[in-house]
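Here's the structure, in structure tokens; my notes come after.
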Amino acid sequence: MLIRRPPGYTIKENAVTPRAAWLRRREILAGFAAAGGTLALPRAGATKSLPAMSNYPPLKAAKTAYSPSNPAAPWEAVTGYNNYYEFGTGKSDPAKKAHRLTTAPWTVSIEGEAEKTGTFALEDLIDFNALEERIYRHRCVEAWSMVIPWVGVPLAQVLQKFAPNSRARYVQFFTKWARKEMPGTLWPVLKWPYREGLRIDEAMNPLAFLAVGVYGRILPNQNGAPLRLVVPWKYGYKSIKSIDRIVFTQDQPETSWNMSNAREYGFYSNVNPHVDHPRWSQASERVIGPQTGFRGALARRDTQMFNGYADAVASLYTGMDLKKNH
Amino acid sequence: MLLTGQANDLGVNPIETTNRFLGDTALRVLLITLAITPVRDITGYVPLTRFRRMAGLFAFFYVCAHLSSYLGLDLFFSLAKLWKDIVKRTYITLGMSAFALLLPLALTSTNAAIRRLGPKRWTQLHALIYPAAILAVIHHIFMAKGFQLMPLIHALILAFLLGWRMVKWLRKNTHPGA
């Protein structure tokens, strides 16, 4: 019997690289390089895959004098980077998941201390022929800011339609809790449905705004479609999204962030560089957009009292201790 | 990111993205390091132990990168600001303490250091990874807004990994000779 002794350099047949893999060797190497890249670097943001602005129907809106000197953040920043915890706590989660929310038809329930209460269609609340554009500074409690061109109507105009009575000292807002469409609400990150509130004189201030659009277009879902509050002198979380319930109340209403941590999030939540969040400074903010690249990444500026809207709102708080009533 | 300037690949807030990613990775690699011993015990695959020290150094590498990005990109290398943060903000205090506990472990990670300290003292010193990991997990819990799930998952994994060691230690000490 012939015993074949293979020389030491031979390798077994099954160790040979399959021909298909050999033909693809360059792609495979490129794949490894890419995998190495993801290991070493954070994953790219969601900005690349966002629907373009042109996908959203345009709105007709009158220009107004509400326009800061700072340039606006780009569409990609406004619609690709924000907080909407109902869709997840990541900054790109809203852009990825909020499309699930059904926003039409939409009704808003008006309740509490007012002459006219009941359920109203969005179109009965908002006169889409009387929209205006307001370019506001938006300051998040996390110490970043953007300048955003909103489209909508003054909040006071809408609230007055329901003739709030003399007991209506506050107004509370609720975000729609669409359990099946909001994966982030499976876990109680906050008290759902999300709720916010204003003192009635804050709500009637000309600066308080109800937005139905941004950048001259219908609001993308991640930005709070179809109806959201914008109160630019307060931290961003006061500007509640996708409102489906408004309640006029006699007593100061509950707000989700205050219920979650009263020490960190007060009822008023006015932008105030002199009162720090217990965990970080509020003295300055990172400016998101309009600059990009390296300079954009490092752009910061000092935070202004009432986010620069002191002229319009400071009188609402005369004599109040803003540290205590933060 | 710093070299290419392609900051927009990291979203519109690249500093936050970088810092979060490095922190998450540091914590996860630390947990992987702590998982090596239990996995070895369960599978009986002893050679795994050889990777433990290397995994620990990987974790320390990400800890350093996370600390540098906070110090450099967030604070612009202001040591005064760093000190203010350490004193004032609990989660920074915890994070910096975890770093301080891990630093001697990284410094004594060479074979020569094991010889110099002796295996017993070296092992005792390297038990500092346990309090460091606990501090790191609390650091993550404290910096999250609201009641978030991910920091709790990390805490649960750590509790299991430390619990495993506790049970092993108890068994060894309640049944001498077993």
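Just so you know, all these numbers are worked out from the coordinates, no wet-lab data involved. The shown structure was predicted, so the numbers you read here are calculated from the model rather than taken from an experiment. Heads up, the Cβs are rebuilt from the backbone with ideal geometry, glycines too, and the neighbour counts pull from every protein chain shown.
Numbers for the structure displayed
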{"read-out": "Any pair with Cβ under 7 angstrom, 6 or more apart, that starts in segment B:123-143 at a residue that is away from every other protein chain (no Cβ under 14 Å) and ends at one that is assigned to a loop (DSSP other than H, G, I, E, B)", "value": "B:Leu125/B:Thr108"}
{"read-out": "Members of segment A:131-156 found to be touching a helix residue (DSSP H, G or I) at 6+ places or on another chain (Cβ under 7 Å) and part of a strand (DSSP E or B), listed by number", "value": "A:Arg137, A:His138, A:Arg139, A:Met146, A:Ile148"}
{"read-out": "Boolean, B:Leu71 is closer than 28 Å to B:Ala159 by Cβ and either away from every other protein chain (no Cβ under 14 Å) or in a helix (DSSP H, G or I) (or both)", "value": "no"}
{"read-out": "Helices (runs of 4 or more DSSP H) fully within segment B:88-178 counting 3 or more residues that are under 18 Å from the mean Cα position of the chain (by Cα) and β-branched (Val, Ile, Thr)", "value": "B:90-107, B:129-143"}
{"read-out": "In segment B:25-56, residue surrounded by the fewest Cβ atoms within 10 Å (Cβ to Cβ) [restricted to those that are assigned to a helix (DSSP H, G or I) and out of contact with any helix residue (DSSP H, G or I) (no Cβ under 8 Å at 6 or more places or on another chain)]", "value": "B:Pro47"}
{"read-out": "Count of residues meeting criterion [in contact with a Leu (Cβ under 7 Å, 6 or more places away or on another chain) and within 14 Å of chain B (Cβ to nearest Cβ)] in segment A:165-209", "value": "1"}
{"read-out": "Residue ranges of strands (runs of 3 or more DSSP E) in segment A:214-326 with at least 1 members surrounded by 21 or more Cβ atoms within 10 Å (Cβ to Cβ)", "value": "A:228-230, A:243-249, A:284-287"}
{"read-out": "Of all residues in segment A:110-130 being surrounded by 19 or more Cβ atoms within 10 Å (Cβ to Cβ) and part of a loop (DSSP other than H, G, I, E, B), the one that is nearest to the chain's Cα centre (by Cα)", "value": "A:Ile126"}
{"read-out": "Test: residue in segment A:138-158 that is among the basic types (Lys, Arg) and surrounded by fewer than 19 Cβ atoms within 10 Å (Cβ to Cβ)", "value": "no"}
{"read-out": "Single condition A:Glu113 does not satisfy, out of (1) out of contact with any strand residue (DSSP E or B) (no Cβ under 6 Å at 6 or more places or on another chain); (2) away from every other protein chain (no Cβ under 14 Å)", "value": "(1)"}
{"read-out": "Tabulated pairs, segment A:293-308, first charged (D, E, K, R), second surrounded by fewer than 18 Cβ atoms within 10 Å (Cβ to Cβ) and not in a loop (DSSP other than H, G, I, E, B), C-beta under 8 angstrom, 6+ apart or interchain", "value": "A:Arg300/A:Ser284; A:Arg301/A:Ser284; A:Asp302/A:Ser284"}
{"read-out": "Test: residue in segment A:284-293 that is more than 30 Å from B:Thr93 (Cα to Cα), in contact with a helix residue (DSSP H, G or I) (Cβ under 8 Å, 6 or more places away or on another chain) and away from chain B (no Cβ under 14 Å)", "value": "no"}
{"read-out": "Residue match in segment A:48-61 (condition: among the hydroxyl-bearing types (Ser, Thr, Tyr), in a loop (DSSP other than H, G, I, E, B) and away from chain B (no Cβ under 13 Å))", "value": "yes"}
{"read-out": "Residue in segment A:89-109 that is aromatic (Phe, Trp, Tyr) and within 18 Å of A:Val214 (Cα to Cα) present", "value": "no"}
